[in-house]
Amino acid sequence: MTDFGQTTFTAAAAGLFVLGVLAARAQAGAHGAPSAGEAATAAEDKSIRPFQFHAPDEALADLRRRVAATKWPSRETVTDASQGVQLATMRELARYWQTDYDWRKAEARLNALPQFMTNIDGVDIHFIHVRSKHPNALPLIVTHGWPGSILEQLKIIDPLTNPTAHGGSASDAFDVVIPSLPGHGFSGKPTTPGWDPIRIARAWIVLMKRLGYTRFVAQGGDWGNAVTEQMALQAPPELIGIHTNMPATVPADIEKALWSGGGAPPGLSADERHAYDQLDLFYKNGLGYAQEMSHRPQTLYGIDDSPIGLAAWMLDHDASSYALMARVIGGQKEGLTRDDILDNVTLYWLTNTGVSSARLYWESKLAFFAPKGVAIPVAVTAFPDELYQAPRSWTERAYPKLIHYNKVDKGGHFAAWEQPELLVAELRAGFKSLR
């Protein structure tokens, strides 16, 4: 598998996608992996500080002014989304953003949760940490992706930490930790290279140990899967299992066929052929954003200067996610709401993290969909509208200690955001054997 980074972009990496006063200020990050001595310097600040965010009124007024002042392009020349995010969709989003949307509601939901900041390897890491009232709750760290954020996971926090109020039993309880990726949201913005998923995974292990956990599990999709799998590969004894909603399972012969142009290999099952067709469509039509961010993230000045530019860039993530969001913006209700979408975009805007988050694509050299050899217990939920719905056959080969696999009938790339009840049920079932 070829590199993913400054020099070569591959389809396997295409899933790298796969959003007051800021208390989160970037610290100087060391390049590459720190040495053992560097990581243990006496000067290292291991404190955990409470955190809240309150956007200045002027920042919100400026946002509305910029939306109102958008210089709109002409309408697309087709009747579908084949040329990109459609003008009518963006005009309706802009109208709602200016007249009906209220960031303060999202801010209040965030500030009602226990939020913290701690410095790891020179970068401030923001995280939500909610402990269950139930004894023996299983600690869980959940990692978001791009163009997501900690807002993706808000809907699953109470069902996981307070299961008896949501159809579960006390034995289903989790303590939940949800960090913001470096360069995203309220976490610091690295000022030197080196913050790839491998380094982030090391930081997450430090975070969980710093919180006092000696036994925990991890979950993620999109970049969250990349980080979670790297945690598993580093094999800290405290990490007893992982769950992913976007697994890396694509066999080498399937990857080769996708790039050869010769069509699907013979002998595929119905599930395997469906996954192949999903990947083929994504590789041919869905890679533009990832190619740019993996090669030239700093060029994207427009997404840090124009809120509509940022929103359109974030919406055009993959066909199924865009189709869902376009329907929601148009007034339909199905998993997400217009407020959900704008909460996420507005978080990116207020923290000025469009470009800083894009750099993670440039940093990573991982072959994203290729199996990595994860040797610890793994639970997988395969959602139909993910970039591809991983077949059981590929999943069993990719994860030799597969403890749970379920092919569900609804949901897509943003599982916790779109289908929180379903994902909560999957996490309870997936980790049940590890309690």
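The values are calculated or read from the model by the stated rules, or taken from the named source; none is laboratory data. Since the model is a prediction, treat every value here as computed from it, not as a measurement. Quick reminder, even Gly has a Cβ in these numbers, built from the backbone with ideal geometry, and neighbours come from all protein chains shown. Only protein heavy atoms, including side chains, enter the accessible area calculation; ligands, DNA and RNA are left aside. Shrake-Rupley method; radii C 1.70, N 1.55, O 1.52, S 1.80 Å.
Below is a table of values for the structure above.
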| item | result |
| --- | --- |
| Test result for Asp280, open to solvent by 10 Å² or more (accessible area, probe 1.4 Å) and in contact with a Leu (Cβ under 8 Å, 6 or more places away or on another chain) | yes |
| Yes/no for Ala323 being open to solvent by 10 Å² or more (accessible area, probe 1.4 Å), in a helix (DSSP H, G or I) and at pLDDT below 95 | yes |
| Pick from segment 368-394, criterion among the charged types (D, E, K, R) and part of a loop (DSSP other than H, G, I, E, B), ranking: least open to solvent (accessible area, probe 1.4 Å) | Glu386 |
| Qualifying residue in segment 128-148 (condition: part of a helix (DSSP H, G or I) and open to solvent by less than 40 Å² (accessible area, probe 1.4 Å)) | no |
| Segment 68-82 residues that are β-branched (Val, Ile, Thr), paired with ones that are part of a loop (DSSP other than H, G, I, E, B) (beta carbon under 8 Å, 6 or more apart) | Thr70/Ser306; Thr77/Gln83 |
| Filtered residue count, segment 403-435, keeping only those that are surrounded by fewer than 18 Cβ atoms within 10 Å (Cβ to Cβ) and in a strand (DSSP E or B) | 2 |
| Output for segment 342-354, where each listed residue is hydrophobic (A, V, I, L, M, F, W, C) and open to solvent by 10 Å² or more (accessible area, probe 1.4 Å) | Trp349, Leu350 |
| Members of segment 358-367 that are of a type outside the set (A, V, I, L, M) and assigned to a helix (DSSP H, G or I) | Arg359, Tyr361, Trp362, Glu363 |
| Residue within segment 282-303 that is in contact with a Gly (Cβ under 6 Å, 6 or more places away or on another chain) and over 29 Å from Ile254 (Cβ atoms) present | yes |
| Index of the failed condition, Thr192 passing every other in (1) more than 27 Å from Asp62 (Cα to Cα); (2) touching a helix residue (DSSP H, G or I) at 6+ places or on another chain (Cβ under 6 Å); (3) surrounded by fewer than 20 Cβ atoms within 10 Å (Cβ to Cβ) | (2) |
| Pair list, Cβ < 6 Å and 6+ apart or interchain, from segment 275-286 residues that are under 21 Å from Thr395 (Cα atoms) to residues that are outside any helix (DSSP H, G or I) and of a type in the set (A, V, I, L, M) | Tyr276/Ala264; Phe282/Leu387 |
